[in-house]
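Taken together, the values in this text are just the output of simple stated rules run on the coordinates, not laboratory data. Since the model is a prediction, treat every value here as computed from it, not as a measurement. Here the Cβ is made from the backbone with ideal geometry for all residues, glycine too, and neighbour counts use every protein chain on show.
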Amino acid sequence: MNEQSASPAAVRAARRATQGFFLLAGIGMSSWAPMVPFAKTRLGLDEAHLGLLLLCMGVGSVGAMPLAGFLSHRYGDRRVLVVAAPLLCIALPLLTIAPSQTMLGAALVLFGGSLGVVDVAMNAHAVDVERLHGRPIMSGFHGLFSLGGLLGSAGTAALLGAGAPLAACAVAVAILLLAVVATQGRSLLEIRHAAASSQRAGFALPSATTLLIGGLCLAVFLAEGAMLDWSAVFLRSARGLDISNAGLGYSVFSIAMATVRLLGDRITGALGPVRVVRFGGLVAATGFVLACALSWPATSLVGFGLVGLGAANIVPVLFSAAGRLPGTSAGIAIATVTALGYAGMLAGPAVIGFVARATSLPLALGGIAGLLAAVSASAAIVRR
């Protein structure tokens, strides 16, 4: 199929299917957050060893992303998604039953790799759908990813709080995600892009401005990765919450982020991209300081909510800025920003683990506030 042959009805169906896959990815990824303390306890891990294991998820994702780009180009995004998404569903229950550090590491590689492939393919498909739709709708897709983050973490935490076995919770989530693939996969578009010039452009080096935007994206994604992998551990070990309620931190973060992202196009239109990045970075930095400086669980939850509010629309604005850089291929720029962003999300939590071991987890998480302040100070780079 080429873009001209896609009917309006097919585009509308593809938009709904893309929304479903963004929701799927958010649910799948965030369901892991409430499970992290169980893995830590089951295998007797300290923060450093847990951080090293969490790095396996990053290795899987980063290693799979180049392959995902090749497969999407050769076979189309639809075929990649309907294969990779079920692999994500298989990996999720394996995380709950891995009997050793080695097995958990292998399961995290599979989980991260399949999630990385899904993420690349669904974003590439979303770009096509947005172009065919004729108006900006990308923030809505990312809002549904954040909504999935809320549903996955809160739903898993609720099941655990009700006494459901951990493995049963993972299987229930996996079945739900497989239902999304079965019902929505057929509506995805299968657009082939045959552009030799763009293939040659893929070997060009990114510009310094692209790398700077990617560095800012890395800092914001690192904050999101810290929330995913460390918020539950922080609330359990540093704030004394019961293990079944430790996932509430990521739930609060996800509520705030999903709400603001679903309104993201209007907010950016009203404030402008520079103010979104400037004020968003400051709000998110304040959230980390509040969560880590005061010892009450309630203030930590409020702080995590502020992180979600502030960080919500920074990444979409950075992606948009990268795509419109003059004299730079949009494909090269967005690919670079995505890779650097995921490096922050997936490798950053491992660094946090080592810093926490050397100091403390509150200090390690509080240090992220400095990175977010730097993002705020660099907001002018996204000026139209």
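Here are the numbers:
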item: Prolate/oblate/rounded call for region 1-194, Cα gyration tensor, a/c under 1.5 rounded; result: prolate
item: Trypsin sites (Lys or Arg not before Pro) within region 92-199, DSSP loop, no more than 16 other Cβ atoms inside 10 Å; result: 192
item: Hull-based mean projected area of region 249-360, where the convex hull spans the alpha carbons, in square nanometres; result: 8.1 nm²
item: Point-to-point label distance, residue 162-residue 380, nm (Cα→Cβ direction, 7 Å offset); result: 5.4 nm
item: Sorted largest first, extent of the chain alpha carbons per principal axis (Å); result: 57, 44, 34
item: Extension gain from residue 298 to residue 43, taking 0.36 nm per residue of separation minus the Cα-Cα distance; result: 88.9 nm
item: Degrees separating the helix 8-30 axis from the principal Cα axis of the chain, which is the longest one; result: 20 degrees
